[in-house]
Structure formats: C-alpha cells, structure tokens
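Notes for the one structure printed next.
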Amino acid sequence: MHQTCCPQYTIRCHALDFLPNKTHKKVLKKMSKFLAKGDVTKGLTGESTMDMNTLPDFLPVQDHPCPDLHDPNISTKEGLQEPFEAFTSNQATKTFFGSESEVKKKKMPRPGVGLDPARPLCRKAKVMRRERKRQKLLQSQPDGLKDEPCFTTIPSVAATASNSTSACTLQTGQQYPDSTDYAALSSTRHPIASVSTTQTLYPQAAVRQSKLLEEFISDQGGPDARHHLEVRLVPSSFENPAFESSFEQSAALFAKYQMAIHKDTASECSHKQEEHRADGPNEGYGSFHEQFWLDGKLLAVGVLDILPRCLSSVYLYYDPDYGNLSLGVYSALREIALTKRMHHEAPDIRHFYIGYYIHSCPKMRYKAQYRPSDLLCPESYHWVKVEHCLPLLDKAKYSRLNPDLSVGDDDCPVSLDHVMVLYKRCAMPYCIYQQRRVHSKDEAEVREYASFVGRRCAGRMLLYRH
C-alpha cells in the first residue's frame, strides 16, 4: 500500500449505532418531497445573474482631460475637483442612481425601520426553535417540576461567566461563585439530576435526541403521494423469477449509467448472460440486487453481498436522469437500514462495509461521513476509529493507523508447516509437500501467499501446486 499512489483502506460502519447527519437528513427529506409532490429543487430559485451586456453605460468618456498631478501649478484638490464634479453631474449617473433629492430620500429610513435601541435584537431561528421546544417540554412536565428552576443552563452560564465576572446569577436571583459544584447543587434539588441535567428536566429527550433513520424512511410516501417508490431485495440468480424478469432492464440501466457517468463505450457495457449466472444465496446469504422501482420503472440497482457478519456494498448504478436525487447517498442509507433490520434476524450481522476508503481521492472521502466507522490498519490489522485516522492521512497518504507500535498482526503466519497445499490431488501440509518435492524452489512464493491470506485461512484453504 505504501507504493501505490492511492492507498485503499477497508472501512466499516457500525450500523446499529448509526445516526444520520445533517447532509443525510437533507437527502432523505429531498426524496420524501419528490415522492410526495413530484418535484425536486435543483438549486436556488430566483437567483439573479448579472449580464455584462445589460449594464448601463453610466461612465461615458468625458472631454475633460486628466490633470497632471505632478504639475506644481495645480493643487491635488483643484485638479481632482473638476473631473469629480463632471462625473457627479453626468446625465447617465442621474439616470442610474436618480436625482440628488431622490438619492437623499432613499437613504432616509422610514419610521420604525432600522436599528432601534428600544427594540430587542433579532434572534436566530434555531435559538427560537430551541426556546419553543423548551417551553413545550416544560408544559409536559408534572406540576412539581414546573415550579423548579431550570438547571440545564447552569453549566453553560458558568462557562460563559468565568471569563468576565466572578459570579453568575441563576433564575432564582441568588448568586453563586464560579467554583460552585453545579452537579451537587442540582442533585440537592432533584434526586435524578446527578445522572444528567438533560435527563433531569427532559427524560424523554435523553432517550430520543435525534430522529432515527428508520423514521425518515417510513415517512416517505403515503396515500396522497405523487410517486411510489418500491424497494425489492432480489437474489442475483437466474433461478429466481424476479431477477430473471428484471435482468434486461437492469442491464440496460447499467449500460446507461456507465456511458453517462463513467464515459464507457457501448461495447464495454455489453453483457453475457453466462457471466451473470451465479447460484442463489444459501440460508439468506450471498449476492443480492437491491432494486429501486419508481412508478414501475427501474430507478437504481445496488449490488450487495450479505455475509454472516456484515452487509457489504459492492456497486450502485442508477438512471442519470434522476441524479439530482442523490441516489448514491440515499441507497447507502437504505442499506444501513437493511443491515439494522437483518440484525434482528441474524444477530451476528452488525456492520456495513462500504468498500475501500481512499483519502487521496476527494470523491471517495464521503465514506467517512457514515459514522461511527472504523478503518483497518494496514500493518496491525486492527480497527481504528476514523476520527483518529483522518489527521494521520492528512499528513501522509499512507500511514500506520494503529498508534500502538508494539501491536502486530495476530494472524501473521510464523511457520509454513501448517499451510495446506493441493499436490497430485492430495491435500497435505507444506512440510509434507517439501519432503515429496525435495528440489522445490517455491518457498518464497508460498510464504508470500501465507502473508496475504493469514494464518487461519492458510490452514483452511488449499494452495494448488503442480
């Protein structure tokens, strides 16, 4: 990996602990709006653009010569006064800005408009939303808690006041010094305040601080929706009727996507049916196609591998005509939700693999936004949180991600005696193979193979020798 220009790090997302961020929520809401109303905002509407050909010619060439500022007979003030007066009295200037009386009239603020010291300052919308939510939660509390002072703002008040004053005033009007133990103080008023100030006043808010991914997905569509989106999970096997019936549409969509997005030729996108013949999954595992159908038309296809311990995203292709729906992000969120659902059926499935993370490629950095996630250290083969890896990759494209230098690969083969090989249709350890082939010179090749697959896999797999 240290020799390539674009090192690839295996990345996995903890699907069970995943919460969508602001960007993910925007994509989900955009899809919901499209399904409900049938339109998507492609950009800022009503944005004015300035055309240089439509600007008024309010700076015509004048007959007044430019004064020589180095002439000692002309002062700087006198030399600049005449051109300035000519410019301000120009007819084009009046046409563009209006007359002098009109300019002064426009500059005069109307009564009640402008900065008024007697009026309160405008507050941000998010601050007003928080205040409304706080009032709503207070109204839902029992009468005994309504009369109590709000201690959730005490730590923030203390943090703000520590740099300016030596005391902070609480809602009760009583002053406490900066060294006041607010946790102990609130615990004396509320028995459960020692757990969390948020849990003290808002126990339901502590349980549900953010809207779950499944709730965003369940809110999409409805009886009055203009569009209908259907998601099917189809095994990639021609023995499956659903896969076989939709294969031609899927192949046509794949060719359209490759030629429009990746600029492939039609010959490169051609398919052969025998190349796609794969057995269906056994007991629910294997290769699948997650098909997105919009009003009976195939919109996108996500290629997945459902494994005993994870769900792996292999590829996605979609209709380029619907690229403004951010189908790449939307399909990844649906796959994370699928991982959560399958965890209830198979508890060992806990992670969602997004392929490889390439920090040196800006187009691949989006994979780090699905958090919490880990990167696999290429030297110790231990998982490291992505938050700890990004600063290292900013400094160098290849880096050892595990900070503990004493930790090595636990699966590194020490001896080749337990590597299994297949020789003359017989499975045998490599030490027995060396006894039968005394003059074999493939030890370096076998050692490289064992380092690639690891100690455990080298003892279960067969390396063909001839």
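With the requirement that a residue be surrounded by fewer than 18 Cβ atoms within 10 Å (Cβ to Cβ), in a helix (DSSP H, G or I) and not polar (S, T, N, Q), what does segment 227-246 give you?
P241, A242, E244 - these are the residues of segment 227-246 that are surrounded by fewer than 18 Cβ atoms within 10 Å (Cβ to Cβ), in a helix (DSSP H, G or I) and not polar (S, T, N, Q).
Yes/no matrix, rows are residues, columns are (1) under 30 Å from L213 (Cα atoms); (2) at pLDDT 90 or above:
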site	(1), (2)
E379	no, no
W383	yes, yes
H388	yes, yes
V414	no, no
R425	no, no
L463	no, yes
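Mind listing just one residue for me: the one in segment 202-222 that is modelled with pLDDT under 75 and hydrophobic (A, V, I, L, M, F, W, C) and, of those, surrounded by the fewest Cβ atoms within 10 Å (Cβ to Cβ)?
V207
Search segment 425-453 for residues that are farther than 24 Å from M1 by Cβ and pair each with any residue that is part of a loop (DSSP other than H, G, I, E, B) and open to solvent by less than 60 Å² (accessible area, probe 1.4 Å) when their beta-carbon atoms are under 6 Å apart and the residues are at least 6 apart or on different chains.
Y430/L416; Y430/V419
Which of the strands (runs of 3 or more DSSP E) found entirely inside segment 344-389 contain at least 3 residues meeting this: hydroxyl-bearing (S, T, Y)?
Hits in segment 344-389: 351-357.
Which condition number in (1) under 27 Å from M1 (Cα atoms); (2) in contact with a Leu (Cβ under 8 Å, 6 or more places away or on another chain) is the one that I354 fails?
Unmet condition: (2).
Check segment 438-449 and report whether any residue there is touching a Leu at 6+ places or on another chain (Cβ under 8 Å), surrounded by 17 or more Cβ atoms within 10 Å (Cβ to Cβ), β-branched (V, I, T) and more than 19 Å from D409 (Cβ to Cβ).
Looking through segment 438-449, none of the residues is touching a Leu at 6+ places or on another chain (Cβ under 8 Å), surrounded by 17 or more Cβ atoms within 10 Å (Cβ to Cβ), β-branched (V, I, T) and more than 19 Å from D409 (Cβ to Cβ).
Just the residues that are open to solvent by less than 20 Å² (accessible area, probe 1.4 Å) and either of a type in the set (V, I, T) or touching a Leu at 6+ places or on another chain (Cβ under 7 Å) (or both), please, taken from segment 374-388.
L375, C377, V384, V386
Okay, residues lined up against (1) modelled with pLDDT under 95; (2) in a helix (DSSP H, G or I):
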position: C6; (1), (2): yes, no
position: C13; (1), (2): no, no
position: L35; (1), (2): yes, yes
position: S48; (1), (2): yes, no
position: N53; (1), (2): yes, yes
position: D57; (1), (2): yes, no
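So which of G286, G328, G302 is without any contact (Cβ under 8 Å) to a residue 60 or more places away in the chain and surrounded by 21 or more Cβ atoms within 10 Å (Cβ to Cβ)?
G302
Report whether or not V314 is among the β-branched types (V, I, T) and open to solvent by less than 30 Å² (accessible area, probe 1.4 Å).
Criteria not met by V314.
What do you reckon, is L333 farther than 13 Å from F18 by Cβ, in contact (Cβ under 8 Å) with a residue 12 or more places away in the chain and part of a helix (DSSP H, G or I)?
It is false that L333 is farther than 13 Å from F18 by Cβ, in contact (Cβ under 8 Å) with a residue 12 or more places away in the chain and part of a helix (DSSP H, G or I).
Only residues that are open to solvent by 10 Å² or more (accessible area, probe 1.4 Å) and without any contact (Cβ under 8 Å) to a residue 60 or more places away in the chain: list them for segment 346-358, please.
Hits for segment 346-358 are P347, D348.
Does V407 count as within 29 Å of H14 (Cβ to Cβ), modelled with pLDDT under 85 and surrounded by 13 or more Cβ atoms within 10 Å (Cβ to Cβ)?
So V407 passes the test.
How many residues are farther than 17 Å from F18 by Cβ and of a type in the set (A, V, I, L, M, F, W, C) when one looks only at segment 336-362?
3
The values are calculated or read from the model by the stated rules, or taken from the named source; none is laboratory data. Nothing here was measured: the structure is a model prediction, and the numbers come from that model. Note that each Cβ is placed from the backbone with ideal geometry, even for glycine, and that neighbours are counted across all protein chains shown. Side chains are part of the model used for accessible areas, which takes the heavy atoms of the whole protein and leaves out ligands, DNA and RNA. Shrake-Rupley method; radii C 1.70, N 1.55, O 1.52, S 1.80 Å.
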